[in-house]
Amino acid sequence: MSIHPVAFVGAGPGAEDLITLRGLHALEEADLVLYAGSLVNPGLLDRCKPGCRRRDSAPMNLEEQVGLMSEAALAGERVVRLHTGDPAMYGAINEQIRGLAEKGVASCVVPGVSSVFAAAAALGCELTAPDVSQSVVLTRTPGRTPMPEGENAAAFARTGALLAFFLSTGKIDVLMQDLMREGGLAPDTPAAVVYRASWPDERILRGTVSDIARKVEEAGFGRQALIFVGRALAAGGGVSRLYGADFSHGYRNRLPTEAFDGRCALYAFTDKGLSRAREIAAGLGLPCPIHSTRPGGDGVEHTPGERLDEALARKWGDFDAHIFIGAAGIAVRKIAPFLRDKTSDPAVLNCSESGAHVISLTSGHLGGANRLARRVARITGGQAVVSTATDVNGLPAFDEVAAQEHARILNAEAIRPLNAALLAGEPITFCGPRAVFERHFGALSQIVHADRPEAVATARAVLWDVEGALPDGVEHLDITSKAYVLGIGCRRGVEPLELRFITEGHLSDLGLRPENIAAVASCDLKADEPAILELVEKWHVPARFYDAATLDAVPVPTPSDKVREKIGTRSVSEAAALLGAGYAPDVTAQPHLYAPKAAFGDVTLALARLPHVKAAPKRGGLVVVGLGSGAPGHLTPETEAALRGC
């Protein structure tokens with residue numbers, strides 16, 4: 001015969017529909033219910049099955065209660081001890097549980113809705129209020145049960161917390177005097193009393209500590225009332241940051257220092273690691289396939305350990321970030337063969353199985369690993385481990401600023417010396433958009449702004465979207481906002497204004513502007529499309545057109561057989577964007593799509609990011625370039641980079 005544990009069930013504050021489903025199920029299955037007299041709504045007892053014995057505990061002492069429950073449980077019956085509210089608050093259950101244990105009967109507790117929360121609901125307020133009180137004290141006044149030393153109402157009042165008093169209505173006058181005299185509360189401190197919260201005869205009194213006692217006496221409230229005291233009861237001005245547009249957390253992130261919008265792959269090696277990977281993937285809200293050396297069910301690609309290196313080699317260039325859950329040594333050994341250069345390597349993170357530490361391993365700035373580490377740590381509740389020197393010293397690294405601004409670096413070999421000068425406190429001139437300067441460098445006295453390169457008077461400078469000659473001997477970092485190629489597919493005869501609204505709206509949704517577009521690309525059938533030609537004229541960028549065979553040779557994530565039937569290629573917008581960004585079959589580091597194909601009626605758009613440029617070793621040489629129409633705005637990104645490097 002099995003002995004079922006006695007279930008201590010919270011009946012809730014009074015209303016029949018405020019018992020939990022778990023508590024109701026236990027009640028419906030019970031053979032014996034011992035309930036707390038007039039405190040429990042009798043309507044709940046109607047849910048018991050026929051033949052269930054229902055006993056009121058009011059006239060019974062502890063020994064009698066334990067004897068009745070243990071006898072029934074040892075006979076194989078299901079026993080429910082039904083308490084008002086939640087058993088954890090003044091439920092006197094500890095001695096019952098000990099008594100049952102002494103007789104060989106186990107216990108379990110089913111939580112209930114406490115009367116304090118039903119009363120707060122009746123008051124229609126939060127018990128915690130921003131900038132007013134972030135703590136709630138649940139307590140009582142001394143009676144036949146004394147209060148432990150140090151626990152007194154006046155001491156709690158001095159903390160400024162919202163106070164909720166159980167079992168204290170009979171002494172409310174003395175309590176309020178004590179709160180003012182010893183607790184230091186002002187007479188106008190808000191107070192409220194809720195009688196029989198959630199019952200049909202529920203009543204509410206509002207006032208202050210100076211008059212609430214009189215109101216309670218006039219109302220004739222008895223024992224079943226809760227007293228609330230504190231400024232939070234009347235807080236109307238404070239606003240929680242939780243839903244503020246500028247507030248970030250694991251699942252809604254607006255911080256530039258935690259911004260990451262790329263494709264992530266996660267790798268887990270244990271069941272615990274797999275659970276953490278699922279948490280991270282859900283929190284990021286990005287395309288995040290999970291690879292696990294253990295079977296993981298739906299949404300998880302099972303990759304046995306002996307095949308992980310092969311899978312990583314195949315997927316290395318397909319993702320903007322790789323996140324390993326487990327020991328850092330595993331991640332380091334796995335990625336070592338694939339690392340090439342900070343301008344092209346993806347971000348790599350290592351997260352401990354506990355989520356306590358998230359380490360940025362590679363591509364902290366341009367790849368976004370530092371920002372992603374902070375974001376993942378916010379999801380796991382852990383600590384981001386970022387070791388790059390500028391971050392450690394609280395300085396805005398130039399390559400990190402370029403990444404946050406979606407810009408492109410045209411001479412990546414200058415990143416290290418410019419950041420080193422920043423760390424050394426040397427004077428540096430920023431020559432470029434005033435808004436970018438103020439956003440990132442305005443608070444640094446060592447960085448000054450200049451309107452044109454000729455005005456630079458320091459040994460080092462950053463040029464951002466400017467043309468002109470620097471004084472001789474100035475070492476500089478060259479940055480351009482034009483970092484993306486926009487691929488366009490559209491129906492013949494689309495309205496120019498419609499195309500412009502669609503493209504600019506899409507860019508805005510991605511956090512970009514037309515100024516970030518270096519070129520527009522499409523199929524050669526659109527070479528005379530007025531809407532596209534008008535768009536590139538408006539944006540002052542070149543247009544590039546490719547034949548169907550060339551487009552069809554580019555691997556893309558969302559090919560379309562329907563498009564191929566019409567024009568001979570499975571992709572227009574994605575393939576054109578990749579070609580415009582430098583895709584070629586024999587190139588080792590291929591460009592990737594920043595945003596895959598998105599359809600807007602008869603228009604499809606895709607964005608590819610142009611790679612950062614690192615100059616070859618100085619050997620001298622000749623570069624032959626075409627100037628296109630001759631207009632400065634129509635130079636290709638490669639031509640512009642070549643001219644800047646002369």
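A few comments on the model shown:
- Quarter of the Cα convex hull surface for region 116-234, i.e. its orientation-mean projected area (nm²): 6.8 nm²
- Shape category assigned to region 185-239 from the gyration tensor of Cα positions, a/c cut at 1.5: oblate
- Sites Thr639 and Ser275 - FRET efficiency at Förster radius 51 Å, r taken between beta-carbons, to 0.05: 0.50
- Ranked list, fewest to most other Cβ atoms within 10 Å of each Cβ, for Ser133, Ser344, Ser210, Ser573: Ser210, Ser344, Ser133, Ser573
- Binning the alpha carbon pair distances of the chain at 20 angstrom intervals from zero yields the distribution 15, 32, 26, 21, 5, 0, expressed in whole percent.
- Rounded, prolate or oblate (a/c below 1.5 giving rounded, otherwise prolate when a/b exceeds b/c) for region 356-504 by Cα gyration tensor: oblate
- Sorting 211-223, 374-386 by average packing, meaning the other beta carbons within 10 Å per residue, from highest down gives 374-386, 211-223.
- Here's the picture: charge each Lys and Arg Cβ at +1 and each Asp and Glu Cβ at -1 in the chain, and of Ala459, Leu486, Val193 the one pushed furthest to the positive end of that dipole is Val193.
- Under the convention that each Lys and Arg Cβ holds +1 and each Asp and Glu Cβ holds -1, the size of the dipole of region 453-513 around its Cα centre is about 360 debye.
- Electrostatic dipole magnitude of region 484-609 [Cβ: Lys, Arg +1; Asp, Glu -1; Cα centre; debye, to 20]: 200 debye
- Remark: region 256-387 carries a charge dipole of roughly 220 debye about the Cα centre, counting +1 on each Lys and Arg Cβ and -1 on each Asp and Glu Cβ.
- Projecting the Cα atoms of Pro596, Leu533, Thr550 onto the charge dipole of region 484-609, computed from C-beta unit charges around the Cα centre, puts Pro596 farthest toward the positive end.
- Shape call, region 398-480: gyration tensor on alpha carbons, a/c limit 1.5: rounded
- DSSP beta bridges in the chain [antiparallel fraction, %, rounded to 5]: 35 percent
- The phi-based Karplus calculation (6.51 cos²θ - 1.76 cosθ + 1.60; θ = phi - 60°) puts the 3J(HN,Hα) values of region 158-168 at 5, 6, x, 6, 6, 9, 10, 10, 8, 6, 10 Hz, whole numbers, x for Gly and Pro.
Coordinate-derived values only; no laboratory data. On a predicted model such as this, the values are computed, not experimentally measured, just so you know. Backbone-built Cβ (ideal geometry, glycine too); neighbour counts: all protein chains shown.
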